[in-house]
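Worksheet: the structure to be examined is printed underneath.
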Amino acid sequence: MKKILLISAVVLSLVGASGCSTNSASTSDNSTKSSKTVQKKHWDKKKDQKLAQEMKDYGKKNNQTYTKYDGKTKLTNSANRIYPDAFKKDTFKLNGKKISIGWSPQGEHHYDYDVLAIYNHDLTKDGQHKTFLFCWHKQKPIVLVDEAGKGNVVDLHVSNDKSLNGSFSNIMYGENI
């Protein structure tokens, strides 16, 4: 009789323990699901306005005028590349490797390179241009440049302009805003 009571107590405690672990697992699953649905937005109107002023100053310093993609009217550069449509129809490469890049006006992590802002300056009518793509990549700001000629392959490079890169970083991290 004592053995039956002892076995019953052990079985009940094991059943109770497994029930607790099941509840905690389902609770952690629910918290994981809810945390995945919350997406941090990295770009806002204030940052956009600050970048617009920086690009205006940058253009003056370099005797150039930059046209901003406003999120509505398509931006066409002198190589006949139309932004943001080009992200879907053209192949974008960085350092010779195809990349995932696209228009993501609040940096919602839809691509490896979320493009937050686009500015273009046409140097000549025969395709020479400088199009800046201000991106969020792996939790860091990065400025990519499209100077590619006509065609469906766009070879980008990282901007080597320390001033522009620094300004964009400061804006992204909320400094001097």
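The values are calculated or read from the model by the stated rules, or taken from the named source; none is laboratory data. If you're wondering where the values come from, they're calculated on a predicted model, not measured in any experiment. Here Cβ is always computed from backbone atoms with ideal geometry, including for glycine, and neighbour counts include all displayed protein chains. What goes into the accessible areas is simple: the full protein's heavy atoms, side chains included, and nothing from ligands, DNA or RNA. Shrake-Rupley method; radii C 1.70, N 1.55, O 1.52, S 1.80 Å.
Among all residues of the stretch 111-122, there is at least one that is assigned to a loop (DSSP other than H, G, I, E, B) and either under 15 Å from the mean Cα position of the chain (by Cα) or of a type in the set (A, V, I, L, M) (or both).
You will find that of 82, 118, 101, the residue that is touching a strand residue (DSSP E or B) at 6+ places or on another chain (Cβ under 6 Å), surrounded by 18 or more Cβ atoms within 10 Å (Cβ to Cβ) and over 17 Å from residue 55 (Cα atoms) is 101 and no other. Out of all the residues in the stretch 65-77, is one or more farther than 22 Å from residue 169 by Cβ, open to solvent by less than 60 Å² (accessible area, probe 1.4 Å) and in contact with a Ser or Thr (Cβ under 9 Å, 6 or more places away or on another chain)? Looking for residues that are farther than 22 Å from residue 169 by Cβ, open to solvent by less than 60 Å² (accessible area, probe 1.4 Å) and in contact with a Ser or Thr (Cβ under 9 Å, 6 or more places away or on another chain), one finds at least one in the stretch 65-77, hence yes.
If the condition is being of a type in the set (Val, Ile, Thr), at pLDDT 95 or above and more than 17 Å from the chain's Cα centre (by Cα), then the stretch 153-177 contributes 153, 154. Only residues that are among the hydroxyl-bearing types (Ser, Thr, Tyr) and either assigned to a loop (DSSP other than H, G, I, E, B) or over 18 Å from residue 148 (Cα atoms) (or both): list them for the stretch 63-83, please. Within the stretch 63-83, 65, 66, 69, 73, 78 qualify.
Tallying residues that are in a loop (DSSP other than H, G, I, E, B) and either surrounded by fewer than 17 Cβ atoms within 10 Å (Cβ to Cβ) or touching a Phe, Trp or Tyr at 6+ places or on another chain (Cβ under 8 Å) (or both) within the stretch 123-134 yields 5.
Among the residues of the stretch 135-152, those that are without any contact (Cβ under 8 Å) to a residue 60 or more places away in the chain and either in a strand (DSSP E or B) or closer than 17 Å to residue 167 by Cβ (or both) comprise 135, 137, 140, 141, 142, 143, 144, 145.
Which members of the stretch 157-177 meet the condition of being part of a helix (DSSP H, G or I) and surrounded by 11 or more Cβ atoms within 10 Å (Cβ to Cβ)?
Those that are part of a helix (DSSP H, G or I) and surrounded by 11 or more Cβ atoms within 10 Å (Cβ to Cβ): 163, 164, 165, 166, 167, 168, 169, 170, 171, 172.
From the list 60, 88, 93, exactly one residue is open to solvent by 30 Å² or more (accessible area, probe 1.4 Å) and in a strand (DSSP E or B). Which is it? After applying the criteria, what remains is 93.
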